[in-house]
Amino acid sequence: MRFIALDTPKPLSKIGLGTWQFGSREWGYGPDFEQRAAQIVRRAVELGVTVFDTAEIYAFGRSERILGAALGDDRPKVVVATKILPVLPVAAVVQQRAVASAARLGVTKIDLYQVHQANPLVADHTTMRGMRALQDVGLVGEVGVSNYGLRRWQVAEAALGRRVLSNQVRYSMVDRAPEQDLLPYAREAGRVVIAYSPLAQGFLSGRYDAKNPPTGAVRRANPYFLPENLDRGANLIETLRQVADAHDATPSQIALAYLLRHPNVLAIPGASGVEQMERNAAAADIDLADDEYAALAEAAKRFRPVTGLAAVPQMLRARFAGPTGK
């Protein structure tokens with residue numbers, strides 16, 4: 001395992017574990033997944049993974065409980081990260097919600113407490129006043145944000161009066177907007193970009209194509225999995241496969257290695273089983289050659305999916321047609 005080269009109380013592994021799926025029925029993993037989640041977490045710790053990310057909204061607190069129980073005695077050794085859903089995120093509410101999250105996680109300190117989304121009506125200075133109080137009493141270690149643009153990230157840091165260590169954003173080979181400003185800022189300022197959906201919910205795994213689309217509710221709601229977009233992504237997937245073959249790796253591992261090439265990026269893919277966790281962790285040790293990285297970047301640039309309003313008619317057709325498309 002490799003780590004972010006920053007001065008933090010606990011080391012930040014380049015690969016973490018995202019736990020949105022823990023306890024969330026929409027992923028369709030079945031009633032036995034809670035036991036499997038514990039196995040995944042234990043194996044992640046064995047592999048050197050130190051960052052475990054959850055949120056109070058994931059399964060309405062159940063993800064936090066499952067993660068905390070799975071970590072058990074390892075909780076003090078790793079970076080336990082969670083997020084507050086910013087509904088009325090004034091200082092007093094921020095403090096109350098942190099106490100509730102810590103109780104569900106079974107920790108006396110939340111290593112990284114993040115604002116899940118920028119609130120358009122509540123200024124960051126009142127939210128960060130609550131965060132600063134939590135740091136002062138020792139309930140929160142580092143403060144982070146999520147889904148923030150660069151300017152608001154900087155405003156939040158000014159409001160906190162201390163570093164806002166991280167910004168957790170959607171970042172993958174098909175969602176490359178963070179490369180424009182967030183990644184350069186993180187490197188210059190000594191901050192971290194945490195990449196969620198680093199495999200675009202499995203789009204980059206190579207498992208799906210227009211004739212074999214996903215069936216789960218979450219992926220079927222993602223426009224990337226429209227048949228037209230699966231066709232458009234064929235060249236990108238083929239490039240991933242070619243690079244993967246050269247490294248005796250999988251397309252997913254190469255897609256992760258692409259992100260991790262940046263020194264201040266930490267990726268938090270989910271895992272449906274121990275083997276997937278092992279493959280994700282191994283991606284941290286893949287070194288891409290310059291020409292491989294350039295080929296991947298070019299293939300990613302050429303992928304132009306149908307998204308936004310243009311995707312709505314096809315999404316509706318897919319939704320009402322059912323998982324078989326009929």
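The values are calculated or read from the model by the stated rules, or taken from the named source; none is laboratory data. For clarity, every value in this text was computed on a predicted model and none was experimentally measured. Methodologically, a virtual Cβ is constructed for each residue, glycine included, from the backbone with ideal geometry; neighbour enumeration extends over all protein chains shown. The accessibility values were calculated without ligands, DNA or RNA, using every heavy atom of the protein model including side chains. Shrake-Rupley method; radii C 1.70, N 1.55, O 1.52, S 1.80 Å.
Some notes on this structure:
- Pairwise FRET efficiency - ASP7 versus TYR293, Cβ, R0 = 22 Å, nearest 0.05: 0.20
- Qualifying lysines (Cα of each under 27 Å from Cα of LYS109; at least 8 residues distant if same chain): LYS10, LYS14, LYS77, LYS83
- For PHE33, the solvent-accessible surface with a 1.4 Å probe is about 10 Å², rounded to the nearest 10.
- Cα-based helix-to-principal-axis angle, 62-71 vs the chain, degrees rounded to 10: 80 degrees
- Three-way shape call for segment 1-152 based on the alpha-carbon gyration tensor, with the a/c threshold at 1.5: prolate
- Between GLU188 and VAL90, the modelled label-to-label distance comes to 3.7 nm, taking each label 7 Å out from Cα in the direction of the beta carbon.
- Across the chain, the mean sequence separation of Cα contacts (distance under 8 Å, 6 or more residues apart), normalised by length, yields a relative contact order of 19 percent.
- Estimated purely from DSSP H runs of n ≥ 4, each contributing -39500 (n - 2.57), the mean residue ellipticity at 222 nm for the chain is -12500 deg cm²/dmol once divided by its residues.
- Remark: segment 32-136 carries a charge dipole of roughly 100 debye about the Cα centre, counting +1 on each Lys and Arg Cβ and -1 on each Asp and Glu Cβ.
- Share of carbon and sulfur in the accessible area of segment 43-82 stands at 51%, probe radius 1.4 Å.
- Using a simple spin-label model with pseudo-atoms 7 Å out from Cα toward Cβ, VAL137 and ASP181 lie 3.5 nm apart.
- The residues of the chain expose on average 45 square angstrom of accessible surface per residue, using a 1.4 Å probe on protein heavy atoms.
- The angle between the Cα long axis of helix 124-137 and the longest principal axis of the Cα atoms of the chain comes to about 60 degrees, rounded to the nearest 10.
- Each Lys and Arg Cβ is given +1 and each Asp and Glu Cβ -1; about its Cα centre, the chain then shows a dipole of about 980 debye.
- Once the Cα atoms are used to define both axes, helix 33-46 deviates from the longest principal axis of the chain by about 80 degrees.
- Applied to segment 148-163, the Karplus parametrisation 6.51 cos²θ - 1.76 cosθ + 1.60 on θ = phi - 60° returns per-residue 3J(HN,Hα) values of 9, x, 4, 4, 6, 4, 5, 5, 4, 5, 4, 5, 6, x, 8, 6 Hz, with x for Gly and Pro.
- Dipole of segment 155-275 [Lys/Arg +1, Asp/Glu -1 at C-beta], most positive-end residue of HIS247, ALA156, ALA186: ALA156
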